[in-house]
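To start, I am sharing the structure in question, which I have written as structure tokens.
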Amino acid sequence: LEARPQGQGIGTALILAGEREARRRETAVLGLAVEADNHGARRLYERLGYVVWDHGLVIDRWTERDRNGRAVSEQAHECYYLSKSLSD
């Protein structure tokens with residue numbers, strides 16, 4: 001998720017919409033990863049009630065693909081994993 005321009009409430013609105021949908025689907029816990037150096041996003045998630053997983057950093061891996069589905073590059077970033085109980 002990348003919300004631009006920053007500081008306009010777009011990221012908050014997107015996360016809250018995702019939480020509403022997760023609750024509608026009766027999801028108990030929602031989790032997300034944030035790159036270790038993305039301090040602003042981490043502050044946002046923590047402000048919204050997400051808590052850092054207490055087992056250290058994780059490696060988030062994914063394949064970027066072009067419009068035709070062909071692999072363009074492999075990515076791997078150190079991330080914090082955060083979660084939030086939706087049953088509160």
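If r is the Cβ-Cβ distance from ASN38 to ASP66 and R0 is 22 Å, what FRET efficiency results, to the nearest 0.05?
Efficiency computed from Cβ-Cβ geometry: 0.30.
Not counting ligands, DNA or RNA, and with a 1.4 Å probe, what is ARG65's accessible surface area in Å² rounded to the nearest 10?
Here the accessible area works out near 140 Å².
For the chain, what size does the Cα cloud have along each of its three principal axes, sorted from largest down, in whole Å?
Over the chain, Cα extents along the principal axes are 41, 29, 29 Å.
If you build a Gaussian network model of the chain, linking Cα atoms that sit under 10 Å apart, which residue out of ASP54, ASP37, ASP66 swings the most?
Of the options given, ASP66 has the highest mean-square fluctuation.
Something else about it: Of the heavy-atom accessible surface of the chain (probe 1.4 angstrom), what whole percent is carbon and sulfur?
Result for the chain: 47 percent of the exposed heavy-atom area is carbon or sulfur.
Putting +1 on Lys and Arg Cβ atoms and -1 on Asp and Glu Cβ atoms, find which of GLY56, VAL29, ILE10 reaches farthest to the positive end of the dipole of the chain.
ILE10
Next question, about the same structure. HN-Hα J couplings of region 58-64 from phi, Karplus 6.51/-1.76/1.60, θ = phi - 60°, integer Hz, Gly and Pro as x?
10, 9, 9, 10, 7, 10, 7
With a 1.4 Å probe and all protein chains kept in place, how do VAL51, VAL34, VAL58 rank by accessible area, largest first?
Ranked list, largest accessible area first: VAL51, VAL58, VAL34.
Sorted by accessible area with a 1.4 angstrom probe, largest first, how do ARG42, ARG47, ARG70 fall?
Result of the area sort, largest leading: ARG47, ARG70, ARG42.
Build a GNM of the chain with springs between Cα atoms under 10 Å: which of ARG20, ARG43, ARG67 gets the top mean-square fluctuation?
In this elastic network of the chain, the residue with the biggest mean-square fluctuation among ARG20, ARG43, ARG67 is ARG67.
In region 24-80, which chymotrypsin sites (Phe, Trp or Tyr not before Pro) are in a loop and have at most 15 other Cβ atoms within 10 Å, using DSSP for the loop call?
Answer in residue order: TRP53.
Of all beta bridges DSSP finds with both residues in the chain, what is the antiparallel percent, to the nearest 5?
So the antiparallel bridges in the chain amount to around 100 percent.
State in Å² the accessible area per residue of region 49-88; use a 1.4 Å probe, count heavy atoms of protein chains only, and round to the nearest integer.
Each residue of region 49-88 exposes 77 Å² on average to a 1.4 Å probe.
Still on this structure, please answer the following. Sort HIS55, HIS77 from largest to smallest accessible area, using a 1.4 Å probe on the heavy atoms of the protein chains.
Result, largest first: HIS55, HIS77.
Report the relative contact order of the chain, percent, no decimals, based on alpha-carbon pairs under 8 angstrom and at least 6 residues apart.
34 percent
The values are calculated or read from the model by the stated rules, or taken from the named source; none is laboratory data. Fair warning: this is a prediction, and the values are worked out from it, not measured in the lab. As a convention, Cβ positions derive from the backbone with ideal geometry for all residues, glycine included, and neighbour counts pool all protein chains shown. The accessibility values were calculated without ligands, DNA or RNA, using every heavy atom of the protein model including side chains. Shrake-Rupley method; radii C 1.70, N 1.55, O 1.52, S 1.80 Å.
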